[in-house]
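What follows is a set of notes on a single structure, which appears directly below.
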Amino acid sequence: MIAATGVSWRYGANPVIDGVSVTARPGRVLGLIGPNGSGKTTLLRLLYGALRGRTGQVVVDGDDLTGLPARETARRLAVVVQEAGGDNALTVAELVLLGRGPHLSTFQRTGRADHDIAARCLARVGAAHLGARSFASLSGGERQRVLIARALAQQATHLLLDEPTNHLDIRYQHEILRLVRDLGTCSIVVLHDLNLAARYCDDLVLLGQGGVVAAGSVDDVLRPPVLEPVYGIGIRRVELDGTIHLLFHPIDQPAEERIAA
C-alpha cells in the first residue's frame, strides 16, 4: 500500500499540489485523472520520491518513503515515466535487464535466471522480437512497451506509471493496461483517457486546481456532475456490458444534436 498524507508541491510561487492525501491499496489499480496542469504527474513524482515536498508524508507498506534506502525503494517501487530518453545506446535486452539491478549485490553480475526473467517480461508486453534492437532506434510505442518490460523485470511490489498509453495504438493501449490490471500488484497510473480509466482502474483520484476534487470507486468518480465542472465539457455517461463509457460534447451543444450524434 502507498499512502500520502497532506503532500504539497509548488513551482515558484504557484502551488501545483496543495495538501493532497491519497491511498493506493494492495492488489488494486489507482488512476490519477484530471485536466492538463492539474498536478497528476507532480503527485506521482511525490509518491515515488522523485520530488520531496515540504509538507506531508508518503508511506509505503507502513514505512516512511524518505527513510528507505535506494535499493529497498527500488525493490518496492517500479516506475515508468514519460521523459525516458531515446538516445540510450543499450540494446532492448540490455535495457530490460537493468530492471534486475535492485536484486543484485554491488559487484554481482546478472545470471541465467535474470536473463530469463527479462526475456519473459519482454514477451509479456509483446516486444520479444525487439531484444537485439537498439533502444534508440525504436518508435515511441515500442519504447514505451520496453520501459514497462524493464519495470516488470524489477519485480517490485508496487508499479507507478505516468501516461503509459502515450504513443501506443488502440490495441496496445488496452493490452498494456490489461497487463497492469492482471499483475495483481498495487499500481498507480496517470491517465488522460477517462474511458480507459473506467475500464482498467479500480479506484480513481480526480485532481483539479491543486487538490482532490473526488476520490473513490470508478462508479462514484466518473459521473457527469463531478467531471463537467473540472473539465469544462459536457459529458454523457452510458453503461455497456457492465462498463462505463463517457461521451463528450460542448456544453452549449443543443440536446437534439447530442442525441443525433
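The values are calculated or read from the model by the stated rules, or taken from the named source; none is laboratory data. Only a predicted model underlies this, so the values are computations on that prediction, with no experimental measurement involved. Note: ideal-geometry Cβ built from the backbone for every residue, glycine included; neighbour counts use all protein chains shown.
Rundown of residues vs (1) of a type outside the set (A, V, I, L, M); (2) surrounded by fewer than 20 Cβ atoms within 10 Å (Cβ to Cβ); (3) outside any strand (DSSP E or B); (4) touching a His at 6+ places or on another chain (Cβ under 6 Å), yes/no style:
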residue	(1), (2), (3), (4)
Q155	yes, yes, yes, no
N166	yes, yes, yes, no
S187	yes, no, no, no
R199	yes, yes, yes, no
V205	no, no, no, no
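Looking only at region 235-250, residues that are surrounded by 10 or more Cβ atoms within 10 Å (Cβ to Cβ) and either at pLDDT below 75 or in a loop (DSSP other than H, G, I, E, B) (or both) come to 1 in all.
Assigned by TED's automatic domain parsing to the domain that holds I33, surrounded by 15 or more Cβ atoms within 10 Å (Cβ to Cβ), aliphatic (A, V, I, L, M) and in contact (Cβ under 8 Å) with a residue 40 or more places away in the chain: is that true of L138 in this structure? Judged against the criteria, L138 is not a match. Candidates in region 70-100 are the residues that are in a loop (DSSP other than H, G, I, E, B) and in contact (Cβ under 8 Å) with a residue 24 or more places away in the chain; of these, the one that is nearest to N166 (Cα to Cα) is Q82. Please work out which residue is nearest to L160 (Cα to Cα), limiting yourself to region 22-69 and to residues that are among the charged types (D, E, K, R) and in a helix (DSSP H, G or I). My answer is R45.
Restricting T5, T55 to residues that are more than 18 Å from T157 (Cβ to Cβ), of a type in the set (S, T, Y) and modelled with pLDDT of 95 or more narrows the list to T5. Scanning region 55-109 for residues that are of a type in the set (D, E, K, R) and in contact with a Leu (Cβ under 8 Å, 6 or more places away or on another chain) yields one hit, R76.
Apart from one condition, P224 fits all of (1) buried (at least 21 other Cβ atoms within 10 Å of the Cβ); (2) at pLDDT 95 or above; the exception is (1). Criterion applied to T5, T23, T66, T42 was being more than 30 Å from S134 (Cβ to Cβ), over 20 Å from the mean Cα position of the chain (by Cα) and of a type in the set (V, I, T), and the one residue passing it is T66. Being in the same structural domain as C186 (by TED's automatic domain parsing), of a type in the set (G, A, S) and surrounded by 13 or more Cβ atoms within 10 Å (Cβ to Cβ) is a description that does not apply to G99. Inside region 126-135, residues that are surrounded by fewer than 19 Cβ atoms within 10 Å (Cβ to Cβ), in a helix (DSSP H, G or I) and hydrophobic (A, V, I, L, M, F, W, C) make up a count of 1.
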